[in-house]
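Read-outs throughout are calculated quantities, based only on the coordinates presented, and are distinct from any laboratory measurement. Quick caveat: nothing in here was measured; it's all calculated off a predicted structure. All Cβ positions, even for glycine, are placed from backbone atoms using ideal geometry, and neighbour counts span all protein chains on display.
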Amino acid sequence: MPERLELTKNAQFYIPKNAIDDSIINDILVAAVDNMDTGAQFVVDLFRADKRVDESDLEYKCSVRVFPSVRPVYFIDEELEDRVYAFIILIEYRNYLAILKKSCANISELLKEHFALVDSRDLTSTFGDNDVEFQKIALRNMTISDRAMRARSYEAADLKGLLSTHAAGRSIPFYLKLRQGPITKTVSGTGRLVESSQRKSLDEIAGWVKEQVELIENPSNDNNFLDSFAKKVELSDVLNACEPNAILVESTPLQERIERDGLTLKYKTARGVNVVVSSRIKSKLFAGLERVYELDSECKVIGRENCTRLRKNEKSLTLTSKALTKFRVIENGKEVTLQKFIVKNGYYSVTFTDPKYMYFMGACFQDSSGISEINSILEIMHPKVEMPAVTSEKGSFNNTSTTFEVDSMFGVVESLHQNDDYIFCDDLGIEWADHITLNRAESNISFIHSKHGSTSTSASNLHDVVGQGIKNLGNMYFTKEQMLERINGKFSDTYTNSGCNTSVDRIRKGDPAQAEGYLEGLLKDYKLHRKCILSCSFISKSSVTTEFSKIQRGESVPGHIIQLLWIISSFAHAVRDMNAIPIIYCAD
């Protein structure tokens with residue numbers, strides 16, 4: 001009966017952690033047929049049969065189960081069921097197990113216990129750049145901000161030479177489609193290899209498995225295209241090479257999630273009573289979580305050694321904090337500690353003493369650009385002589401104020417852009433930026449986000465303003481109608497802040513009556529480009545250059561410096577992905 005099987009080349013490959021025996025294979029088969037129709041018989045039932053294909057000198061073991069399964073029908077209000085035939089095929093060749101399956105029950109836990117998956121990294125090393133045409137690639141962006149574009153895909157006859165690999169080291173390939181001569185293959189992030197072909201017999205599939213195993217064991221050294229991208233790495237390998245040195249809780253998405261889903265946040269008092277957290281305490285909590293926390297050699301948070309640490313597990317890094325366990329999040333009627341909520345949703349990232357590694361989304365990744373792109377990161381920093389004189393973000397004002405103070409960040413920004421045609425103050429409310437400026441002569445639209453603070457290389461201050469910038473990248477591609485609605489609505493009022501109704505016009509420069517014709521011409525300009533600008537008085541380019549140069553030389557730097565590198569890099573990549581220009585105004 002097995003000789004009647006007609007199969008496609010679609011399999012996952014595994015390496016056993018220990019020798020394969022009858023009990024392991026039997027457990028997998030039993031688990032796979034858990035959804036078998038009650039009382040039914042196997043159509044094919046083969047257990048570790050020794051097979052030989054003389055013409056290819058192939059010997060392998062094969063286990064097969066083909067069986068009927070039923071599943072409920074949901075499109076009609078009757079107790080109807082679909083009857084389908086499922087199968088699982090286990091091919092043992094050398095020290096590998098190939099699995100082909102369809103519609104069987106879940107066997108993932110057993111596979112994790114006894115086998116290691118041959119992942120996409122190993123599968124893509126079976127061919128060289130010159131042997132294939134990369135026709136489609138899907139990428140997951142490696143970013144510390146969930147406000148950035150998370151995934152993107154590209155498709156062409158051959159992406160080599162067409163797809164820019166600038167800063168590709170922060171993008172993780174999770175799907176590949178390629179042509180190798182007349183053969184089309186796909187490789188997924190789950191380690192599944194699919195090859196287009198006619199349906200094949202069981203022996204022919206075993207021959208294909210043999211070919212793939214031999215290719216896996218003899219990888220190509222010509223993978224320059226794929227080597228440009230970030231790669232998932234084993235946490236154990238990273239920990240053997242370096243140590244965690246800082247942790248950053250993603251407080252902004254955490255707060256937004258709690259507010260968006262209307263989740264209740266409670267605090268457990270010393271008496272064991274849960275009380276709803278006030279707005280004041282909540283603001284204080286999230287402000288505290290915004291900081292970058294450095295770790296000592298024992299992975300304890302410096303300054304909080306007795307209560308907060310990073311726990312190293314076999315496959316993960318887990319944040320543990322006595323303080324966070326006192327806060328409870330109520331979700332779907334169930335109470336969970338804030339610590340568990342953060343860990344479960346991956347709202348934290350960890351950097352290492354080697355900055356090319358980062359842990360986030362519950363896995364460890366290697367940035368293959370990292371250090372090599374430091375020079376391009378420094379180039380987006382534009383020192384401004386006005387920065388040292390800045391004393392506040394917006395200055396003080398009263399109801400007679402008509403301008404922002406010259407020593408405020410807002411005042412400096414308006415001075416720097418005084419030659420632009422239009423300047424709008426969009427601060428507060430539903431804002432796209434703190435300032436939006438238009439310049440027809442330079443064919444430019446600028447979105448400017450400002451933040452003031454004492455000069456520092458801390459990553460915490462930059463984290464929030466980067467998030468604001470990334471969140472509003474899509475708004476930079478506004479239509480004429482959208483901007484006119486803003487000009488005739490929000491921008492027609494004067495600026496109000498903290499209950500003070502000032503006389504500061506939100507249209508800081510430009511004639512609103514001429515805006516429609518102006519926008520029509522600007523948006524049709526083929527030279528039009530966009531700039532996303534962060535105006536930060538607390539950043540000194542010379543200080544950042546000094547610290548980043550240490551990284552380039554392989555010297556040790558504090559954890560917050562590595563976090564700073566990642567944050568600026570995330571900003572630059574997110575902006576460039578939107579075909580805009582990233583700029584940071586800073587001190588010298």
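How high is the relative contact order of the stretch 76-230, in percent, counting Cα pairs under 8 Å that sit 6 or more residues apart? Intermediate values should be presented prior to the final figure.
Working: 211 pairs, mean separation 40.6, N = 155.
Dividing the mean separation by the residue count of the stretch 76-230 yields 26 percent.
Over what distance in Å are the Cα centres of the stretch 478-507 and the stretch 298-357 separated?
With the stretch 478-507 and the stretch 298-357 each reduced to a Cα centre, they are spaced 42 Å.
Please order PHE341, PHE410 by the number of other Cβ within 10 Å, starting at the fewest.
PHE341, PHE410
Output wanted: per-residue J couplings in Hz (rounded whole) for the stretch 428-442, from phi through Karplus 6.51 cos²θ - 1.76 cosθ + 1.60, θ = phi - 60°, x for Gly and Pro.
Ordered by residue, 3J(HN,Hα) equals 6, x, 7, 9, 8, 6, 6, 9, 10, 10, 10, 9, 6, 4, 9 Hz.
Among 423-433, 38-48, how do they line up by average Cβ neighbours within 10 Å per residue, starting with the highest?
423-433, 38-48
What number comes out for the charge environment of VAL406, summing +1 per Lys or Arg and -1 per Asp or Glu over other residues with Cβ under 12 Å away?
-4
ASP367: net charge of surrounding residues, Cβ under 14 Å, Lys/Arg +1, Asp/Glu -1, itself excluded?
Net of charged neighbours comes to +2.
List the residues, sorted by chain then number, that are 5 or more residues from GLY191 or on another chain and whose placed amide H is less than 5 Å from its amide H.
For GLY191, the qualifying residues are SER120.
In terms of modelled amide H atoms, which long-range or inter-chain residues lie less than 5 Å from the amide H of HIS382?
ILE584, TYR585, CYS586
Mind checking the angle between helix 22-32 and the chain's longest principal axis? C-alpha axes, 0 to 90 degrees, to the nearest 10.
60 degrees
For Cα extents along the principal axes in Å, the choices are (1) 98, 66, 56; (2) 80, 52, 52; (3) 92, 66, 63; which was calculated from the structure?
(3)
Would you mind checking the tilt of helix 541-552 against the longest principal axis of the Cα atoms of the chain, expressed as 0 to 90 degrees and rounded to 10?
The answer is roughly 20 degrees.
Could you work out the relative contact order of the chain, using alpha carbon pairs under 8 angstrom and six or more residues apart, expressed as a whole percent?
Worked out over the chain, it gives 12 percent.
Give the long-range amide H neighbours of THR353: residues separated by 5 or more places, or on another chain, with amide H under 5 Å away, using H modelled in the peptide plane at 1.01 Å from N.
GLU243, ASN245
Local charge sum around CYS425 (other residues, Cβ-Cβ under 12 Å, Lys/Arg +1, Asp/Glu -1)? List each step's numbers first, then the result.
Working: positive: LYS394, ARG486, LYS490, ARG506, ARG508, LYS509; negative: GLU414, ASP426, ASP427, GLU431, ASP434, ASP493, ASP505.
Result for the local shell: -1.
Please list 3J(HN,Hα) in residue order for the stretch 479-493, calculated via the Karplus relation 6.51 cos²θ - 1.76 cosθ + 1.60 where θ = phi - 60°; whole Hz, with x for glycine and proline.
8, 4, 5, 5, 6, 5, 4, 6, 5, 7, x, 4, 6, 7, 8
What ranking of VAL30, VAL301, VAL412, VAL53 emerges when the number of other C-beta atoms within 10 Å of each C-beta is taken as an exposure proxy, fewest first?
The most exposed by this proxy come first: VAL30, VAL53, VAL301, VAL412.
Which order do the peptides 436-447, 469-480 come out in when sorted by mean C-beta neighbours inside 10 angstrom, highest first?
Put in order of decreasing packing, that is 436-447, 469-480.
Taking only C-alpha pairs under 8 Å that are 6+ residues apart, what is the relative contact order of the stretch 2-118 in percent?
About 34 percent, as a whole number.
Using the Cα centre as the reference, give the magnitude of the dipole from point charges on the C-beta atoms of the stretch 2-118 (Lys, Arg: +1; Asp, Glu: -1; all else neutral), rounded to the nearest 20 debye. Walk me through the numbers on the way to the answer.
Details: 14 positive and 21 negative charges, 84 e Å.
Value, rounded to 20: 400 debye.
Determine the dipole magnitude for the stretch 531-588: charges of +1 sit on the beta-carbon of Lys and Arg, -1 on that of Asp and Glu, nothing else is charged, the reference point is the Cα centre, and the result goes in debye to the nearest 20.
Numbers: 5 positive and 4 negative charges, 18 e Å.
Rounded to the nearest 20 debye, it is 80 debye.
Tell me what the chain gives for mean residue ellipticity at 222 nm when only DSSP H runs of n ≥ 4 count, each as -39,500 (n - 2.57), the sum divided by the residue total, rounded to 500 deg cm²/dmol. Before the final figure, lay out the partial values.
Values: 17 runs with 159 residues, N = 588.
For the chain, the value works out to -7500 deg cm²/dmol.
Among all lysine pairs in the stretch 122-230 that are eight or more places apart or on different chains, how many have alpha carbons less than 20 angstrom apart?
Step by step, the pairs that qualify in the stretch 122-230 add up to 9.
Take LEU528, project a point 7 Å from its Cα along the Cβ direction, then tell me which residues of the stretch 431-448 have their backbone nitrogen under 18 Å from it.
432-433, 436-448
For the stretch 266-273, in order, what is each residue's ³J(HN,Hα) by Karplus, 6.51 cos²θ - 1.76 cosθ + 1.60 with θ = phi - 60°, in whole Hz (x at glycine and Pro)?
10, 10, 8, 6, 4, 8, x, 9
Just subtract the alpha-carbon distance of VAL276 and LYS340 from 0.36 nm times their residue separation and send over the number in nm, one decimal.
Values: separation 64, 0.36 × 64 = 23.04 nm, distance 1.82 nm.
The span from VAL276 to LYS340 would gain 21.2 nm if fully extended.
Whole angstrom only: what separates the Cα centroid of the stretch 72-115 from the Cα centroid of the stretch 12-61?
Value for the Cα centre distance between the two parts: 12 Å.
Which one of LEU263, ALA513, GLY469 is farthest out on the positive end of the charge dipole of the chain, using unit charges on Cβ (Lys, Arg +1; Asp, Glu -1) and the Cα centre as origin?
LEU263
Order these peptides, 527-536, 5-14, 214-223, 251-260, by their mean beta-carbon neighbour count within 10 angstrom, highest first.
Going from most to least packed, we get 527-536, 5-14, 251-260, 214-223.
May I ask which of LYS112/LYS322; LYS344/LYS541; LYS394/LYS509; LYS451/LYS480 have a Cα-Cα span longer than 26 Å here?
From the list (LYS112/LYS322; LYS344/LYS541; LYS394/LYS509; LYS451/LYS480), the Cα-Cα distance tops 26 Å for LYS112/LYS322; LYS344/LYS541; LYS451/LYS480.
So, with +1 on the Cβ of K and R and -1 on the Cβ of D and E, and no other charges, what is the size of the charge dipole of the chain about its Cα centre, to the nearest 20 debye? Display every interim value, and only then the final one.
Working: 72 positive and 81 negative charges, 310 e Å.
With Lys and Arg at +1 and Asp and Glu at -1, about 1500 debye.
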